[in-house]
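A short reminder: the numbers here are calculations on the coordinates, not readings from a lab. Computed from a predicted model, the values in this text were never measured in an experiment. Here the Cβ is made from the backbone with ideal geometry for all residues, glycine too, and neighbour counts use every protein chain on show.
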Amino acid sequence: MAPTLYDEKPEVGDLIEIFRGSYQHWAVYVGDGFVVHLAPPSEVPGAGANSMMSVLTEKAVVKKEELWDIVGTDRWEINNNLDKEYKPRPAHVIVREACALVGEELPYCVFRGNCEHFANELRYGKAESRQVRKAGEVVMVAGVAAAVGLGVLALAGALFGGSKKENKNTQ
């Protein structure tokens, strides 16, 4: 069940992680029930964060919208986990910079400039995405596993494939 306003009370400058199924959308809480987030342009107000276009577009717009309009029925939480690695910038600086960007069209790339990069850059001054890092680790592990699998197949072919040839030559 999604938290209600009474379960979690974000503070100005907090990062809000919204769980969208296969990915998370990120926003920065700027007070009075509003967040600033990076979303692809959309014909339907509030649909930007849910849109599949968020993966395919090269540009996104910084929007200020009510938290509940962005969250909808999805689960969300305050997630300032990078506070362990980086010192958060002062809340008034985060809010000032976030609000100054509202309406700006920015380059968008799932791997180098997504909504999580945007939110982390505002809070910490570092554009990072744990989603991208995790996806990269999965791809790397899968690549290593595939290489090991191909290596085992090649070794098996060399060990066992050669014996058939030898048998044919001796017959």
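Observations, loosely collected:
- Ranked by how many other beta carbons lie within 10 Å on average, peptides 94-100, 79-85 from highest: 94-100, 79-85
- Counting only Cα atoms, segment 15-128 measures 36, 27, 27 Å along its principal axes, largest extent leading.
- Counting neighbouring beta carbons within 10 Å and listing from fewest to most, the residues E11, E128 come out as E11, E128.
- Y23, Y86, Y29 arranged by Cβ crowding within 10 Å, fewest neighbours leading: Y86, Y23, Y29
- For a label point 7 Å along the Cα-to-beta-carbon line of V12, residues of segment 70-96 with backbone N under 16 Å: 89-96
- Residue-span extension gain [V93 to K126] - 0.36 nm each, minus C-alpha spacing: 10.5 nm
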